[in-house]
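Everything on this sheet refers to the single structure shown next.
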Amino acid sequence: MTGAGQMAAQNKFEFGIRFDPLTLPVNFGTFVEDGPGYYDIKAKGHITQAAYLDFTYWPLHHWGISLGAGVHSFHSEIEYLIPDISHFTQDTDLYRHDQIKSVGMGPLIALQYRNDRFRARAGLMVLDFSKQEYPVRLGSTGIYIFDGSEVVAQVEIEENHFWNGFYQSNYLFQLDFSYEVLDNLSCRIGFETTFNKDKYYPYRTMINGFTIDDEPESQVLNDFKMSNTYSAFSVGVEYVIGFGKYGKIKKENIEDKAN
């Protein structure tokens, strides 16, 4: 009786608002070093935020489908320096500190499950980006140390940094679980990852050369790339307002089923 009463009291339609103050990137495959990593290139994704609005229709008591829209921020940071390759001074010959930021917005569709206070959601969001901040560099920089007419140390840095559709029109798969702690208010945790047909690298730094301590033969020192993949865990809250009731369950029908 209690379970049937709870099911009959659930709403058939819901409006929901979700806010994720903590979206923590885990960078599965985002930053790649295909060279020996001679120079330390530091790269990380920063904690960002996201917010969503949803409308959910529950054709069944436990299963529903939702349509909505969301806004999601992204922020990555890449930093490296190349010191004096002659070792004669402590000067820095090249220093880079790049920020890649954007805000993505788009529609989303999801399949939902609910049982008492517990909910689960699996959905797909289509992202289009605005407010893009990113470095634009395409070319080479050379650092050479001579001893007379002989090159005793050299480093050549080839940079290929540009947006070129980075994160644009990406599909973001989302999976999350929530638990109602107060009436209509739930705490939620989730995981999200890009779902793209093609993988490419809009940010790449190739470093070749040799220092004064090496054999005078150019070799790959770094081949660092940032791909268009993204994944993260999220922590947030959700508030839901429901309306519309299912048909009333007659007491005699419940008793007949029980017998």
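Observations on the structure shown:
- Looking at the range 158-259, the strands (runs of 3 or more DSSP E) lying wholly inside it that each contain 2 or more residues that are within 30 Å of P83 (Cα to Cα) and either over 16 Å from the mean Cα position of the chain (by Cα) or at pLDDT 95 or above (or both) sit at 203-210, 219-226.
- Restricting the range 23-47 to residues that are part of a loop (DSSP other than H, G, I, E, B) and polar (S, T, N, Q), the residue that is modelled with the lowest pLDDT: N27
- Single unsatisfied condition, V220 versus (1) surrounded by 14 or more Cβ atoms within 10 Å (Cβ to Cβ); (2) at negative phi: (1)
- Residue in the range 96-117 that is without any contact (Cβ under 8 Å) to a residue 60 or more places away in the chain, aromatic (F, W, Y), within 19 Å of E77 (Cα to Cα) and touching a strand residue (DSSP E or B) at 6+ places or on another chain (Cβ under 7 Å) present: no
- Residues that are under 28 Å from S73 (Cβ atoms) and of a type in the set (F, W, Y), drawn from the range 118-152: F129, Y134
- A count restricted to the range 48-64 and to residues that are outside any strand (DSSP E or B) and exposed (fewer than 14 other Cβ atoms within 10 Å of the Cβ) stands at 3.
- Scanning the range 103-126 for residues being in contact with an Asp or Glu (Cβ under 6 Å, 6 or more places away or on another chain) and surrounded by 17 or more Cβ atoms within 10 Å (Cβ to Cβ) gives a total of 2.
The values are calculated or read from the model by the stated rules, or taken from the named source; none is laboratory data. Model, not experiment: these values are computed from the prediction. Cβ: placed from backbone, ideal geometry, glycine included. Neighbour counts: every protein chain shown.
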